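Have a look at the structure below, then the notes.
Rule-based calculations on the coordinates, nothing more; no lab input. Quick caveat, the model's predicted, so the values are computed rather than measured. Cβ placement follows ideal geometry from the backbone for every residue including glycine, while neighbour counts extend to all protein chains displayed.
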Amino acid sequence: MSSVGRTIHAVLGLWHGLASIQNVFDILASTAVAPSLRPVASKNFQLIGKLLERVHPSKENVAVLLSVVAAIEAVASVAFLRGAVEGEGSNDAFAVSLVLFGAFFLIDDAFDGYEIGSDHRAIFTLVAASYAASKTAGA
């Protein structure tokens, strides 16, 4: 794989890893297990709760949903980083990332969360463009 492909994989791997860690921190802070993590936690726990407020999710339900997201992000992170280190493009990493963000913007739209849905559509587009760029660069 070219240096461009490795860079794309590395950056996406680190980004997904950071998101996963921040989401775990958000779960721990929001459930009062480790409130001191709040400054470095994502704000996704609250966003999920607000998006789903019409179905009245419990804190435990929101924690489970965000845990699944964090796990999927961790899988994507490992796949991207492995691709960067081994020098082999990872279609699986891109597929996991695209499924994740595609699901996000579909769920956002289903719950009338158009504002955050636009953010997720932009990220989906960024990942799709990164896939095309890495393939063009010989990844």
S58 versus A122, label points 7 Å from Cα toward the beta carbon: distance in nm? 3.6
Where a ≥ b ≥ c are the square roots of the eigenvalues of the C-alpha gyration tensor, would you call region 36-107 rounded, which needs a/c under 1.5, or, failing that, prolate if a/b is larger than b/c, or oblate? prolate
Taking a crude spin-label model, label points 7 Å out from Cα along the C-beta direction, the A103 to E86 distance in nm is 2.3
Where does each of H9, H16 land when they are ranked from fewest to most other beta-carbon atoms within 10 angstrom? H16, H9
Highest first, please rank the peptides 31-43, 121-133 by the mean number of other Cβ atoms sitting within 10 Å of their residues. 121-133, 31-43
Rank the residues F105, F80 as a footprinting-exposure proxy: fewest other Cβ atoms within 10 Å of their Cβ go first. F105, F80
Length-normalised contact order of the chain in % [C-alpha pairs under 8 Å, at least 6 apart]: 33
Along Cα→Cβ, 7 Å out, is where each label goes; now give me the distance between the ones at T7 and K135 in nm to one decimal. 2.1
Work out which helices of the chain, taken as complete DSSP H runs, extend at least 27 Å along their axis over the Cα atoms and score a mean Kyte-Doolittle of 1.0 or more, then list them. 59-86, 91-110
Once you keep just the Cα pairs under 8 angstrom separated by 6 or more residues, what percentage relative contact order results for region 24-73? 36
Set of lysines near K59 by C-alpha distance (under 20 Å), chain-local residues within fewer than 8 positions excluded: K43, K50
Using helices alone, I'd like the mean residue ellipticity at 222 nm for the chain: each DSSP H run of four-plus residues gives -39500 (n - 2.57), total over residue count, nearest 500. -27000 deg cm²/dmol
